[in-house]
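Report on the structure given below.
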Amino acid sequence: MASLLRDERIKEFDVIAIQEPWRNNFTNTTHYPRPQSFDLVYLDDPGTRTCMFINRIIPRGRWTAITPSPDFCTVSIQCIEAPKDTIT
């Protein structure tokens, strides 16, 4: 996972979904080397097994994340060109 997230080509992706992410033993988070490029969707729970990285080219006001359990997370993105359309 670390080599994937450190690769410069990763900036070309809008959403990256990770199953079984690396877990930080000191705090409820994962490896996050590009906070300037991506927002992290990660449930604050020691058993979290899913996460997503949302490219910051997508404005924060255009997407919402739901993390109902450690095993499941969703992101809904409102399209910029057609604001009434949403991708989930």
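The values are calculated or read from the model by the stated rules, or taken from the named source; none is laboratory data. Note that this is a predicted model, so its numbers are computed, not measured. Every residue, glycine among them, receives a Cβ derived from its backbone with ideal geometry; neighbour counts consider all protein chains shown.
Can you tell me which of Arg49, Arg56 is in contact with a Phe, Trp or Tyr (Cβ under 7 Å, 6 or more places away or on another chain), among the basic types (Lys, Arg) and on the phi < 0 side of the Ramachandran plot? Break it down stepwise before answering.
Values: Arg49 fails: in contact with a Phe, Trp or Tyr (Cβ under 7 Å, 6 or more places away or on another chain).
Answer to the selection: Arg56.
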query: When you look at Leu43, is it in contact (Cβ under 8 Å) with a residue 40 or more places away in the chain, at negative phi and not in a strand (DSSP E or B), yes or no?
result: no
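From the list Thr30, Thr74, Thr50, Thr64, exactly one residue is touching a strand residue (DSSP E or B) at 6+ places or on another chain (Cβ under 6 Å), β-branched (Val, Ile, Thr) and modelled with pLDDT under 90. Which is it? Break it down stepwise before answering.
Working: Thr74 fails: modelled with pLDDT under 90; Thr50 fails: modelled with pLDDT under 90; Thr64 fails: modelled with pLDDT under 90.
It is Thr30.
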- request: Give region 1-42 a look and list any residue that's out of contact with any Lys or Arg (no Cβ under 9 Å at 6 or more places or on another chain) and aliphatic (A, V, I, L, M), or say none.
  value: Met1, Ala2, Leu4, Val15, Ile16, Ala17, Ile18, Leu40, Val41
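If you scan region 38-61, which residues turn out to be surrounded by 14 or more Cβ atoms within 10 Å (Cβ to Cβ) and either basic (Lys, Arg) or touching a helix residue (DSSP H, G or I) at 6+ places or on another chain (Cβ under 6 Å) (or both)?
We begin by selecting, within region 38-61, every residue surrounded by 14 or more Cβ atoms within 10 Å (Cβ to Cβ); these are 38-43, 48-56, 58.
Once the filter is applied, which keeps residues that are surrounded by 14 or more Cβ atoms within 10 Å (Cβ to Cβ) and either basic (Lys, Arg) or touching a helix residue (DSSP H, G or I) at 6+ places or on another chain (Cβ under 6 Å) (or both), region 38-61 yields Arg49, Arg56.
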field: Residue list for region 1-21, filter: assigned to a loop (DSSP other than H, G, I, E, B) and farther than 19 Å from Gln78 by Cβ
entry: Met1, Asp7, Glu20, Pro21
- prompt: What number goes with the only condition from (1) surrounded by 14 or more Cβ atoms within 10 Å (Cβ to Cβ); (2) in a strand (DSSP E or B); (3) not hydrophobic (A, V, I, L, M, F, W, C) that Pro68 does not pass?
  reply: (1)
query: Does Cys51 fit the bill of being touching a Cys at 6+ places or on another chain (Cβ under 9 Å) and either farther than 17 Å from Leu4 by Cα or charged (D, E, K, R) (or both)?
result: no
- line: Asn24 meets each of (1) within 18 Å of Asp71 (Cα to Cα); (2) outside any strand (DSSP E or B); (3) under 11 Å from the mean Cα position of the chain (by Cα); (4) not charged (D, E, K, R) with one exception, condition (3)
- prompt: What is the one condition in (1) surrounded by fewer than 13 Cβ atoms within 10 Å (Cβ to Cβ); (2) in contact (Cβ under 8 Å) with a residue 60 or more places away in the chain; (3) of a type in the set (Val, Ile, Thr) that Val15 does not satisfy?
  reply: (1)
